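The values are calculated or read from the model by the stated rules, or taken from the named source; none is laboratory data. Not measured: the values here are computed from a predicted model. Cβ placement follows ideal geometry from the backbone for every residue including glycine, while neighbour counts extend to all protein chains displayed.
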Amino acid sequence: MWRRFRRAAGLLQALLITGLPFLVINGQSALRFDIPQLKLYFFGSVIWIKELYLILFAVLFFLLFIISITAVFGRIWCGWLCPQTVLLDLSESISRLFGGLPRRWLQRIVLLPFSALVSLTILWYFVPPVKTMQSLFSDALITGFFLVQWAVIYAELAFMGRKFCTTICPYAMMQNALFDRDTLVIEYDRSREDECMKCHDCVKACPVGIDIKEGLQTDCIACAECIDACVAVTVERNMNPFPGYKGKLLRPKAFWLGGATLLAGVILVVMVYSRPEVTFLITRDPEQLPQRINRYSWSLYNNTDKLQSFELSVEGDFIIIGETALLLEPYSFKKGKVLVRSEGGKDVVVFTLEGDGLTIEKQAGFL
Ligand code: SF4
Ligand code: SF4
């Protein structure tokens, strides 16, 4: 029965999504966006918002991934892995355990803690889980986000439910454009229509309320519940179920789409992990200062989990006025200003940043 595999896949997905923020690599969450500092902790590395090229490439990879999965496996995400499907399935199963009571209301009660957990999980991707729990009812911002998200998620799951998949979900709408005649779908075997008992168990089992016997429909989320329902009645007669999976997984399109996605993924990983440990940027401020002094703005990004200390110096006939020792916390960003006076030098200043086995040189104009 497909339901067993679906439940296992859903459970794994739920464990992965809720567990990922608890995974700590180099002292930070494996995947978390730090809003105050506009940086993404990404599996032991950090991606700064200024690194727009990485974000664009990650979006490209993500799009390729969605296109290839959908073109080959159809609505596998919707039926097997989407949190909406997983939560609704689970809450339905739990409410079924209490036989005589009104199922719809029981499901709505069960969805209350589930949607609270989803709201918390979303927060954990922005605020470390321990800090979230410590400030859940003491920090107005965190409390506010938690409660608003909880209410919205609960309303969507409890009162909209599967209607969301067939009316609002943008991914569901986009999918039909990505399908081809070999995409994996669930289809009723019309060639054996005469043998079908017309018991309608497949229709009763369908969570989106469609009749698979009428052919493939855009609302179908490929959950395979109709196959399971049909198996229950056909197995006794030693027959194959009438609805079943249909499609070709191993075909040229699957290979070139999969290959392109894999290549994009590898390039993305290489781009992320081959960046320098420290990024140093410096530019001259346009304003004019007296006494042959120029002001420069610098920014320093520490892409590692190590505390970095540096000494800033200038070459030739220039001197730096002010603090030259710079300390940079792990995965942190610092910016500041520095004054440089000419002692005979002109046109170009060469800045050298040295420390912890790293030497970075940058040039900037001098007026
Ligand atoms: S459950 Fe199977 S046998 Fe019954 S109506 Fe549906 S397809 Fe026919
Ligand atoms: S038709 Fe079958 S596979 Fe499609 S949504 Fe209904 S039960 Fe799921």
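Can you pull out every residue in the stretch 169-203 that is over 20 Å from MET239 (Cα atoms) and within 11 Å of ligand 2 (Cβ to nearest atom)?
Once the filter is applied, which keeps residues that are over 20 Å from MET239 (Cα atoms) and within 11 Å of ligand 2 (Cβ to nearest atom), the stretch 169-203 yields only VAL185.
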Exercise. Sort out which residues of the stretch 28-38 are surrounded by 12 or more Cβ atoms within 10 Å (Cβ to Cβ) and touching a residue at least 40 places away in the same chain (Cβ under 8 Å), and write them in order of number.
Key: GLN28, SER29, LEU31, ARG32, PHE33, ASP34, GLN37
Quiz item: Taking strands (runs of 3 or more DSSP E) that do not extend beyond the stretch 1-74, which have at least 2 residues that are closer than 24 Å to LYS253 by Cα?
Solution: none
Quiz item: Residues PRO290, PRO286: which one is closer than 14 Å to GLY365 by Cα, more than 26 Å from the chain's Cα centre (by Cα) and either of a type outside the set (D, E, K, R) or surrounded by fewer than 17 Cβ atoms within 10 Å (Cβ to Cβ) (or both)?
Solution: PRO286
Exercise. State all residues of the stretch 230-249 that are within 16 Å of ligand 2 (Cβ to nearest atom) and at positive phi; if no residue qualifies, say none.
Key: GLY247
Quiz prompt | Within the stretch 230-252, considering residues that are of a type in the set (A, V, I, L, M) and surrounded by 12 or more Cβ atoms within 10 Å (Cβ to Cβ), the one nearest to ligand 1 (Cβ to nearest atom) | solution = VAL233
Practice problem: Kindly establish whether THR121 is at pLDDT 95 or above and of a type outside the set (Phe, Trp, Tyr). | Solution: yes
Quiz item: Quick one: is SER115 at pLDDT 95 or above, part of a helix (DSSP H, G or I) and over 17 Å from the mean Cα position of the chain (by Cα)?
Solution: yes
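Give ILE55, ILE25, ILE49 a once-over and let me know the one that is at pLDDT below 95, under 30 Å from PHE333 (Cβ atoms), under 14 Å from the mean Cα position of the chain (by Cα) and surrounded by fewer than 16 Cβ atoms within 10 Å (Cβ to Cβ).
Within the list ILE55, ILE25, ILE49, the selection yields ILE55.
Conditions tested, residue by residue: (1) modelled with pLDDT under 90; (2) touching a strand residue (DSSP E or B) at 6+ places or on another chain (Cβ under 7 Å).
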site: MET239; (1), (2): no, no
site: PRO243; (1), (2): no, yes
site: LYS253; (1), (2): no, no
site: GLY258; (1), (2): no, no
site: LEU262; (1), (2): no, no
site: ARG292; (1), (2): yes, yes
site: TYR296; (1), (2): no, yes
Practice problem: Please enumerate the residues belonging to the stretch 76-113 that are within 16 Å of ligand 2 (Cβ to nearest atom) and of a type in the set (D, E, K, R). | Solution: ASP89, GLU92
Quiz item: Looking at the stretch 202-229, which of its residues are modelled with pLDDT of 90 or more, over 23 Å from GLU92 (Cα atoms) and surrounded by 13 or more Cβ atoms within 10 Å (Cβ to Cβ)?
Solution: LYS213
Quiz item: Looking at (1) in a helix (DSSP H, G or I); (2) of a type outside the set (Phe, Trp, Tyr); (3) without any contact (Cβ under 8 Å) to a residue 60 or more places away in the chain, can you tell me which one LEU268 breaks?
Solution: (3)
Quiz item: From the list ALA151, ALA177, ALA140, which one is out of contact with any helix residue (DSSP H, G or I) (no Cβ under 8 Å at 6 or more places or on another chain) and surrounded by 12 or more Cβ atoms within 10 Å (Cβ to Cβ)?
Solution: ALA151
